[in-house]
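Asks: Handing you this structure, nothing more for now.
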Amino acid sequence: MKNISELLRESDPLRHEPTESLGQRDRRRQAILAAASGAHLPAWAESRSRLAVLAGVILLTIAASLLGWRVRSPLVSDLQAAVRFEIRLAEDGPAPGLSEAKVADSGRSIYLHDEIIVTNADIAAARVVQASGASQYSVDVKFNASGTNKMRAATANHIGKPVAILIDGRVVMAPLLRTPIAASAIVSGNFTKAQAQKIVNGIGLQR
C-alpha cells in the first residue's frame, strides 16, 4: 500500500510533462512578456480613463468660454443699439381706428393711423445736420426708391394734416404737411449732437 508521499507525487500534474530546455523556457518567457505588453486595460480602467479625458475637455471648454466672454464683453457694451424708425399719417382729432399719442417735449396730442408708411428698410442713408440753434441737431433721412414711392403716395392726399415721425415708438415730431414728401425728410426733435448721431447709427442697424 502506497503512503501519502507517494500518492501526492503521483498526483502532481507536472510529473509527466517533458522537461523543457533553457531555450524553450526563454522563448516561452518572451512570448508571455510580449502578450502582456499588448494586453488591454480592464473595462473599469478604460472607463475611468475615458471619464478623465472627458472631464479635461469640459474644463478646457469652460475656461475658453470664460476667457472669450472677458475678452469680448467690453466690446459688446460699446455696440450701438438699434433704433426703430417709423413714419405714420396722423390726425389732430380723435376718430375710430386711431390711437392717441403725445408728441415729445410738448403737451400736444395727435391721433395715429395704424398703417406704417416707411421703416428702416426704406431708408437709403441718414446723416446728422445742425439745426438753427448752435446746440441743436436734426437727422436728414434719404429714402430709397421703395420708400420714396410709399411716401409720395401716402402724403399726396394728406396736405394740411400732421405726419408723425417715431423713434423707438415715441413720436419725436408731427409737423403739418405742406407739400407731399418724396425722397427725403428732416427729423428735428431738439436733439443734441450725440442723440442725433445715435439715431443715425441705430437706423442703419435695423435694416
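The values are calculated or read from the model by the stated rules, or taken from the named source; none is laboratory data. Fair warning: this is a prediction, and the values are worked out from it, not measured in the lab. Using ideal geometry, Cβ is built from the backbone for each residue, glycine included, and neighbour counts are taken over all protein chains shown.
Asks: Going by the structure shown, is Val141 under 12 Å from Glu86 (Cβ atoms), within 35 Å of the chain's Cα centre (by Cα) and part of a strand (DSSP E or B)?
Replies: Values: under 12 Å from Glu86 (Cβ atoms): yes; within 35 Å of the chain's Cα centre (by Cα): yes; part of a strand (DSSP E or B): yes.
It is true that Val141 is under 12 Å from Glu86 (Cβ atoms), within 35 Å of the chain's Cα centre (by Cα) and part of a strand (DSSP E or B).
Asks: Looking for something touching an Asp or Glu at 6+ places or on another chain (Cβ under 6 Å), exposed (fewer than 14 other Cβ atoms within 10 Å of the Cβ), modelled with pLDDT under 95 and under 16 Å from Glu86 (Cα atoms) - is there at least one such residue anywhere in segment 166-183? So that I can check it myself, show each step before the final result.
Replies: First, pick out the residues of segment 166-183 that are touching an Asp or Glu at 6+ places or on another chain (Cβ under 6 Å): 166.
The next check asks that each one be exposed (fewer than 14 other Cβ atoms within 10 Å of the Cβ); those that pass are none.
Checked against the condition, which is being touching an Asp or Glu at 6+ places or on another chain (Cβ under 6 Å), exposed (fewer than 14 other Cβ atoms within 10 Å of the Cβ), modelled with pLDDT under 95 and under 16 Å from Glu86 (Cα atoms), segment 166-183 yields no hits at all.
Asks: List every residue pair whose Cβ atoms sit under 6 Å apart, with the two residues 6 or more apart in sequence or on different chains, where the first one lies in segment 110-136 and is closer than 21 Å to Gly97 by Cα and the second, anywhere, is of a type in the set (Val, Ile, Thr).
Replies: Listed by first residue and then by second, the contacts come to Ile117/Ile87; Val118/Ile87.
Asks: So, one more: Among residues belonging to segment 137-165 that are touching a residue at least 12 places away in the same chain (Cβ under 8 Å) and of a type in the set (Gly, Ala, Ser), point out the one that is surrounded by the most Cβ atoms within 10 Å (Cβ to Cβ). Lay out the reasoning, then the answer.
Replies: Just the residues of segment 137-165 that are touching a residue at least 12 places away in the same chain (Cβ under 8 Å), to begin with: 137-144, 146-148, 150-152, 154-156, 158-165.
Filter again for of a type in the set (Gly, Ala, Ser), leaving 138, 146-147, 154, 156, 160, 164.
Working: Ser138: 21, Ser146: 12, Gly147: 25, Ala154: 20, Ala156: 13, Gly160: 8, Ala164: 22.
Result: Gly147.
Asks: For Ser73, work out the one condition from (1) in the same structural domain as Pro180 (by TED's automatic domain parsing); (2) modelled with pLDDT under 90; (3) among the small types (Gly, Ala, Ser) it doesn't fulfil.
Replies: With respect to (1) in the same structural domain as Pro180 (by TED's automatic domain parsing); (2) modelled with pLDDT under 90; (3) among the small types (Gly, Ala, Ser), Ser73 is out only on (1).
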